[in-house]
Amino acid sequence: LQDQFDNLEKHTQWGIDVLEKYIKFVKERTEIELSYAKQLRNLSKKYQPKKNSKEEEEYRYTSTRAFLATLNEMNDYAGQHEVISENMTSLITGELTRYVQELKQERKSHFHDGRKAQQHIETCWKQLEASKRRFERDCKEADRAQQYFEKMDADINVTKADVEKARQQAQLRHQMAEESKAEYSSTLQKFNSEQHDHYYTHIPNIFQKIQEMEERRIVRIGESMKTFAEVDRQVIPIIGKCLDGITKAAESIDHKNDSQLVIEAFKSGFEPPGDVDFEDFTQPMKRTVSESSLSNSRGDGKSEPKFGGKSKGKLWPFIKKNKGAGPEDFSNLPPEQRRKKLQQKVDELNKDIQKEMDQRDALTKMKDVYIKNPQMGDAASVDHRLAELGQNIEKLRLEVQKFEGWLAEVEGRLPARTEQARRQSGLYEAQNTSAVNSCAQDRESPDGSYTEEQSQETEMKVPATDFDDEFDDEEPLPTIGTCKALYTFEGQNEGTISVAEGEMLYVIEEDKGDGWTRIRRNEDEEGYVPTSYVEVYLDKNAKGA
C-alpha cells in the first residue's frame, strides 16, 4: 500500500465519520429514553390520587390500590429508562467523543509524518536528477573540448599557443566531468539508501501505526455497541421487578373484599320492611294501612300515623337527604353510617389528645432541663403554654366523652322517640345542636334495657296537621293479644303511653324490630311502650299474630 497514501487518508477520515455518526445515533437514543421516561412520569403523576380529595377514599378498594401500585411501578419503570440514558451518555457518548478527538490528533500526526517522508524522498530524487544532468552536461562539454583540441592539433596553420590552450581546456573539461561523475555516483548511492529506508522502513512504520489506529477505532466501536446492549441488559432485572410488582398488584385484587367494603360503606342498619297484611274489604271497616308497607309512599300526600314517627323511620332509605351541614351528633344519618362517623370523630379526637399530650410531655422535659440548668432558659416561660395544653386536653376529653356517649347510644340502643318525632315534624333541622348535647341523657330499666331519652325539648310537640283529625276518625286497630307491664313506664314523649307495673293491656301491634310495642288501654288511650317493659301474650288465632 506504499503507493496508496491518499486513499488511506480518505479511508481513515471515513472511519472517523462513521464513529461520529454512531455517537450521534446513541445521543438521539438517550434523548428518546429521557423523553419516554418523562412522559411515563407525567402519566403516572396525572393519575395519582389528589391529596385530601374524594379519590383518596376510593383507594381503599383492592382494585384501586392495585392501580395505584401500577402507577408507582410505572414511575420506577420510567426511572430505569433514565438510567439507560445516563449510562449511555457517560459510557458511550462521552467516552467516544473524547476518543474521536484523540483519534483525529493521532491521524493528523501519522499522515503528517507520511507527507514529510514523501517530501524527503522527492527532494532526494530531485537532487539525484540534478546531479545526473550536471554529469551528463560535463561529459558532453569534455567531449567537445577534446574534439576541438584534436582539430587544432591537426591544423598546421594554428599556432602552438592556440593548440596548448585547447589542450588545457580539454583537460579542464575532462576533470570537471570526472568530478560530476563522482558527485553523481555519491548522490545516487545516497538516494538508493534513502529510497530503501523510505519504502522498507519509514513508510511501513507509518502505515503500521495508521493500521493500528484504524483497528483500535473498529474495536472501540464494537465495544461501544456491546456497551449499548449491556446498558439495556443491566436494567432488565429491575424492569422485570417492576412488571412483577404490577402482576403482584393485579393478583392482590380481591373482588369479595371490595364488595364487602361497598356493603360496609353504604349499609344503613335498617331492617327490610315486613310483609304486607291482607286487607279484607268485605269487612265493615275502613282500610287498615300496614305500617310496614311501602304503600304510604304512594298515598294521597298526607302524613303517616303520628305515633313516634314509626313509619317515618321505616322509610328512611327513601327520604331525601338534607343538604348542607348536618347536626353535630350525625343523627341525620342512618344508624350504621352514624356509628361510623361517630367512631371516626372519636378516633380523630383521641389523636388530637395524643398530640397535645406529646407536646405537654416535651415541654415538661424542657422545663425540667431549665430547672436543672437555669442558664439554658427560664423554667417559668413554659408554664403558660403548659396551662394552655392542659386546658386543650381537658376540652378534647369532654368532646370525646360526648361523642362516645352518642356512639354508645347507637351501638347499644335505638334512637330516642323525640328525635324521630322531630324528624317527622320537619323541626329537626332547626334544632339547636348545643341543646341536644346538654339534654341527651339515658334512662335504663332495672334490667339495663333502653327506655327513652329525657330531653329538655320534650315539650316541643309535633304541630297539629290535617292528618291528626283524619287519624282520629279511623277505625281502631284490632287487638292481637295482651301484655303485662313488668315495670312502670312514664310515657312523656309523643306517641308513647304511660303504664303502671303489673297493669294488663291489649296489644294492637307487636315489636317490628325497633324495640317498641304498640298497646291500648281503652278506646281512647293507646301508644308505644318499650318491649322490654312488658310481657306479651299473643293470640294464636289473631290476625297477624
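The values are calculated or read from the model by the stated rules, or taken from the named source; none is laboratory data. Values in this document were obtained by computation on a predicted structure and should not be read as measured data. No Cβ is skipped: glycine too gets one built from the backbone with ideal geometry, and neighbour counts run over all protein chains shown. With ligands, DNA and RNA removed, areas are computed over all heavy atoms of the protein, side chains included. Shrake-Rupley method; radii C 1.70, N 1.55, O 1.52, S 1.80 Å.
Would you confirm whether any residue within the stretch 65-88 is charged (D, E, K, R), open to solvent by 40 Å² or more (accessible area, probe 1.4 Å) and at pLDDT below 90? So far as the stretch 65-88 goes, yes, one or more of its residues are charged (D, E, K, R), open to solvent by 40 Å² or more (accessible area, probe 1.4 Å) and at pLDDT below 90.
Within 26 Å of Glu129 (Cβ to Cβ) and either at pLDDT 85 or above or open to solvent by less than 60 Å² (accessible area, probe 1.4 Å) (or both): does that describe Met152? Answer is no for this residue. Counting only helices (runs of 4 or more DSSP H) that sit completely within the stretch 324-442, those holding 2 or more residues that are at pLDDT below 50 and small (Gly, Ala, Ser) correspond to 417-425, 433-439. Of the residues in the stretch 210-226, at least one is surrounded by fewer than 16 Cβ atoms within 10 Å (Cβ to Cβ), out of contact with any Phe, Trp or Tyr (no Cβ under 6 Å at 6 or more places or on another chain) and either part of a loop (DSSP other than H, G, I, E, B) or at pLDDT below 90 (or both).
Could you check, for the stretch 536-543, whether at least one of its residues is at pLDDT 90 or above, assigned to a strand (DSSP E or B), open to solvent by 60 Å² or more (accessible area, probe 1.4 Å) and farther than 19 Å from Gly274 by Cβ? No. Looking at Val26 and the list (1) open to solvent by 50 Å² or more (accessible area, probe 1.4 Å); (2) in contact with a Phe, Trp or Tyr (Cβ under 7 Å, 6 or more places away or on another chain), which single condition is not satisfied? For Val26, the failing item is (1).
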